Amino acid sequence: MKKMIIHGGQRLSGSVNIGGAKNSTVALIPAAILADTPVKFDMVPDILDVHNLMLILESMNVHSRFEDGVLSIDPTEIVEAPMPSKAIKSLRASYYFMGALLGRFGRAILTFPGGDNIGPRPIDQHIKAFKALGAEVEDDHGTVRITTGEDGLHGARIFLDVVSVGATINTILAAVKANGLTTIENAAKEPEIIDIATFLNNMGAHVRGAGTDVIRIEGVPVLRATNVHTIIPDRIEAGTFLAMAAAMGDGVEIHNIIPEHLESFTAKLIEMGVDLQIGEDSAYVGPSHDLKAIEVKTMPFPGFATDLQQPITPLLLMAKGSSIIVDTIYPQRLKHVPELKKMGAKIRPEKDMIVVDHTDHLTGATVDAGEIRAGASLMIAALMAEGTTTITSADNILRGYGSIVEKLTALKADVRIEDSDRVEEL
Ligand SMILES: CC(=O)N[C@H]1[C@@H](OP(=O)(O)OP(=O)(O)OC[C@H]2O[C@@H](n3ccc(=O)[nH]c3=O)[C@H](O)[C@@H]2O)O[C@H](CO)[C@@H](O)[C@@H]1O
Ligand SMILES: C=C(OP(=O)(O)O)C(=O)O
């Protein structure tokens with residue numbers, strides 16, 4: 001495990017480029033095994049999840065190469081093989097191999113996925129969809145066995161009881177080569193779902209309605225890549241830098257964003273009184289004065305993203321009065337709270353909400369990044385704090401923030417990552 005060491009108090013300035021979206025990338029890589037040709041992705045973030053997915057691909061004889069943000073994957077010699085359970089458990093999105101392997105081979109055997117520890121994360125809706133498509137699903141002490149009969153998968157009408165990003169994408173992956181028409185109702189509408197549909201459609205798939213709550217998929221027998229797929233910018237990384245810039249910036253430019261993907265977030269920054277100027281694909285954040293307290297309620301897209309409730313929290317500490325956060329998606333997403341308290345933050349869970357009171361002063365401390373966005377929250381708090389903060393379990397931050405030390409250093413932050421015994425090469 002790595003640790004991140006931040007000497008706080010430096011004002012930030014300059015510019016930062018946002019990378020490709022983690023939550024698109026981690027679905028696109030499993031989706032690649034559905035292709036009957038090699039595929040190539042551009043704007044791939046250099047994050048741990050990508051490296052772990054590459055290990056999983058290798059176990060199936062799918063060779064991949066990652067260089068300068070371009071990931072090339074050749075699934076043409078794919079074989080069915082046991083998957084490395086450590087890599088599977090290292091991230092949530094390994095569950096996309098269920099849908100992708102089903103689509104490719106009509107069966108899949110996988111251990112349960114890992115990912116961030118943010119409260120219960122059932123996959124009953126994924127399983128319900130696979131069953132509707134004609135699969136049999138068995139849970140054998142944490143190993144999921146999914147099989148189909150001789151006729152393989154067939155199209156079906158699926159109503160998701162819960163709006164789920166993962167279940168929507170997994171159903172698309174399983175249905176894209178199935179016989180006939182599949183309809184997903186009450187589908188999730190996140191931009192990453194549109195990105196996956198775009199990738200598949202450019203290879204000849206028929207996925208219609210992605211980005212709305214009804215998605216129709218007409219199965220096709222073959223998928224051939226003819227172009228490089230450029231991954232959409234990461235709206236969560238962008239939101240994290242926007243919050244950081246508002247908290248500690250003296251003028252920060254954030255490039256490569258899609259402002260429409262960030263509207264629920266930027267609306268809240270504007271409500272707080274953040275000096276925010278939004279351009280076509282960039283935003284400028286000026287120094288903050290007299291910020292107002294706000295209320296935040298997380299919702300499925302286009303609502304306020306649960307993945308941004310922790311990153312905005314240090315900024316809320318600067319506001320006059322008490323801000324309230326209600327996370328309706330993951331009410332137990334609280335790993336940052338005790339750690340922020342160690343730094344002097346006035347924050348407390350109360351019933352089903354988090355109350356964030358104005359805090360004049362944060363002090364460096366040793367804190368633990370229990371999961372990726374708790375880590376992002378602590379990283380911003382550490383930049384604001386007086387003295388040195390050591391964030392342990394920093395691997396969780398590296399799961400989703402590519403080139404984070406380089407990006408922060410370019411903004412004039414004093415930050416480094418260390419192993420227990422050696423300083424990391426940048
Ligand atoms: C890799 C990836 O894209 N991760 C994102 C994805 O996670 P993930 O796809 O796991 O999250 P979902 O959208 O599926 O979860 C939304 C809600 O539905 C519930 N649920 C989900 C599936 C299911 O079968 N049954 C069920 O009850 C979950 O417990 C949660 O309360 O969306 C989350 C919600 O925007 C984000 O925080 C994660 O960053
Ligand atoms: C919860 C997250 O990721 P994952 O679903 O990959 O655990 C996240 O990105 O905030």
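State the Cα centre-to-centre distance between region 49-79 and region 368-392 in whole Å. If we compute the Cα centre of each part, the gap is 32 Å.
Our estimate of slack between Asp68 and Glu295, defined as 0.36 nm per intervening residue step minus the Cα-Cα distance, is 77.7 nm. The simple spin-label model puts a point 7 Å past each Cα toward its Cβ; for Asp140 and Glu263 those points are separated by 4.8 nm. Taking 30 Å as R0, compute the FRET efficiency from the Cβ-Cβ separation of Val222 and Thr147 and round it to 0.05. It comes to 0.80. Taking 17 Å as the cut-off, the amide N atoms of region 145-182 that come nearer than this to a point 7 Å along the Cα-to-beta-carbon line of Asp124 belong to 159-168. Averaging the sequence gap over all C-alpha pairs within less than 8 Å and six or more residues apart, then dividing by the number of residues, gives the chain a relative contact order of 21 percent.
Taking only the Cα atoms of the chain, the ratio Rg/Rh comes out at 0.98, with Rh defined as the Kirkwood radius. Taking a point 7 Å from the Cα of His358 along the Cα-to-Cβ direction, the residues of region 295-337 with backbone N closer than 14 Å to it are 316-323. For the chain, the mean residue ellipticity at 222 nm estimated from helices alone is -9000 deg cm²/dmol, where every DSSP H run of n ≥ 4 contributes -39500 (n - 2.57) and the total is divided by all residues, rounded to the nearest 500.
At 1.4 Å probe radius, can you tell me the per residue accessible area of region 22-230 in Å²?
That works out to 41 Å² for each residue.
Each of Val355, Ala135, Val220 was scored by the projection of its Cα onto the charge dipole of the chain, and the greatest displacement toward the positive side belongs to Val355; charges sit on the C-beta of Lys, Arg, Asp and Glu.
What number, in percent, do you get for the relative contact order of region 22-230 if the mean sequence gap of Cα pairs under 8 Å and at least 6 apart is divided by its residue count?
Values: 458 pairs, mean separation 42.7, N = 209.
Relative contact order of region 22-230: 20 percent.
The Cα center of region 195-256 and the Cα center of region 20-45 differ in position by 11 Å.
What's the carbon and sulfur percent of the chain's accessible surface, probe 1.4 angstrom, rounded to a whole number?
Carbon plus sulfur share of accessible area: 50 percent.
The values are calculated or read from the model by the stated rules, or taken from the named source; none is laboratory data. Every value quoted in this text rests on a predicted model; they were computed, and no experiment measured them. Backbone-built Cβ (ideal geometry, glycine too); neighbour counts: all protein chains shown. The accessibility values were calculated without ligands, DNA or RNA, using every heavy atom of the protein model including side chains. Shrake-Rupley method; radii C 1.70, N 1.55, O 1.52, S 1.80 Å.
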